[in-house]
Amino acid sequence: MSKFIMVIDDSATVRKIIETSLGREGFEVKGFVDGVEAMQWFTSPEARRPDVVLLDIGLPKMDGYEVARHLKARPLLSNTVIVMLSRRDGVLERLKGRLVGAKDYIVKPFKTQDILTVIQTHAGLSPSN
């Protein structure tokens, strides 16, 4: 079974770029427009534990920090790797990400190789694992 990556970002362009590039690398990728939609998906029959969650900070309805707190509060997801995505590159944003359980932080705009490297580094994942 291929490794499963969740992408939670309100930008359709960002989601499409990540889904396409990681899909080409053999990962299964599912995108969500906001944290509420992602949380609701976990109650559906097809829900499964993601190996990595790529999470935008600036989301509507519930920001990325709040989504990360909700994810980490679920026993099934407590060990899931969360990587924050943001246009902001400040120390405070990075620190807040760490405090809610994020393993890394990627600044937009990013190269798709940056995403792949972070996934392989923190989750020890390659498509065939």
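Taken together, the values in this text are just the output of simple stated rules run on the coordinates, not laboratory data. Worth saying up front: this structure is predicted, and the values here are computed from it rather than measured. Please note: Cβ atoms are built from the backbone with ideal geometry, for glycine as well, and neighbour counts cover all protein chains shown.
Annotation: extensible slack from ARG69 through GLN120 equals 16.0 nm (criterion: 0.36 nm per residue apart, minus Cα-Cα distance). What shape does the range 4-121 take by its C-alpha gyration tensor, where a ≥ b ≥ c are the square roots of the eigenvalues and a/c under 1.5 counts as rounded, a/b above b/c as prolate, and the rest as oblate? The shape class here is rounded. Put a plus charge on the Cβ of each Lys and Arg, a minus charge on the Cβ of each Asp and Glu, and nothing anywhere else: the dipole of the range 4-121 about its Cα centre is then about 240 debye. Note on PHE42 and MET62: the model spin-label points, each 7 Å out from Cα along the C-beta direction, lie 0.8 nm apart. Each of PRO45, PRO109, ALA68 was scored by the projection of its Cα onto the charge dipole of the range 4-121, and the greatest displacement toward the positive side belongs to ALA68; charges sit on the C-beta of Lys, Arg, Asp and Glu. Proximity of backbone amide H atoms, modeled 1.01 Å from N, is registered between LEU85 and LEU55, ASP56, ILE57, ILE106 at under 5 Å, excluding neighbours fewer than 5 places apart on the same chain.
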